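Taken together, the values in this text are just the output of simple stated rules run on the coordinates, not laboratory data. Source: prediction; values computed, not measured. Cβ sites come from the backbone with ideal geometry, for glycine too, and all protein chains shown count toward neighbours.
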Amino acid sequence: MSKALRILEEAARTGEPRQLAEIAADAGVLKPSTHRILATLAELGYVTTLGGGSYTAGPRMRALAAEVVRESTGDVAAELAALRASVGQTVHLALRSGDHAVYTHKVEADQPYSMASRLGMRLPLHCTSIGKAILAHLPDSEIDEIIAALGLERRTPNTLTDPARLWADLARVRDVGYAMDDEENETTIRCLGAPVLDAKGYPVGAVSVSTVIFLLPRAELLGHAPALMATARRIGALLN
């Protein structure tokens, strides 16, 4: 079952057709097994075979995804739009998917620049504000497993690649209620992230406010933390 779920996730991850070899490699499953599982998923309508060894999300998968978000997505989008209007910066919502997070919503700032982020993009947990907001609220054993599996890739000179420094940062996130990505994932980009928690306090995702460092001072971005955290709490209630 876990193999099938990983393969389904990889087939649908980018929203674009993916080759069998890519899906197998990213899912960590041998190509013959991946091919057999994809054939079954195609019969059930969860993936679509496009020919030439490529696959994409099928109609049943798309219908299921639409049903999952149908009731809450309008209210979630309204919350994010209100936050963007309040802070004047780009706002994201990402949901956790295994050892990474995936952007599900983006509200662009009315600014003369555009963030490189896009819906469906995967983002690492150790060097993004969304990711650190999620990590900080996971059990310690689960954090250890993620670090052991993926390591702490250096994305910029500011990335926290020392586990001790990351653990200290996560402790601070728990204390203050938000995380900061201070040019740790992309140079010139600074973000605040607040966790979206389920009814038991487990992180299902996070909301972020992102800006270019030369357009908004760090202190001014930090001033948006209360509005960010309030939005994340409301979205958590909508998703539960």
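Here are a few things to note about the model shown:
- The lysines within cross-link reach of residue 3, meaning a Cα-to-Cα straight distance under 26 Å and a gap of 8 or more places when in the same chain, are 31.
- Relative contact order %, the chain, counting alpha carbon pairs below 8 Å whose residues are six or more apart: 16
- Site-free segments of the chain were taken between chymotrypsin sites (Phe, Trp or Tyr not before Pro) in DSSP loops having at most 13 other Cβ atoms within 10 Å, sites themselves excluded; the longest one is 1-112.
- In the chain, the longest principal axis of the Cα atoms and the axis of helix 2-12 are about 80 degrees apart.
- Only Lys, Arg, Asp and Glu carry charge here, each on its Cβ (+1 for the first two, -1 for the last two); on that basis the chain has a dipole of about 400 debye about its Cα centre.
- For the pair residue 199 and residue 141 in one chain, pulling the backbone fully straight at 0.36 nm per residue adds 18.8 nm over the alpha carbon distance.
- For the chain, the longest principal axis of the Cα atoms and the long axis of helix 73-87 meet at an angle of about 30 degrees.
- Gain upon complete extension [residue 165, residue 2; 0.36 nm per residue less C-alpha separation]: 55.4 nm
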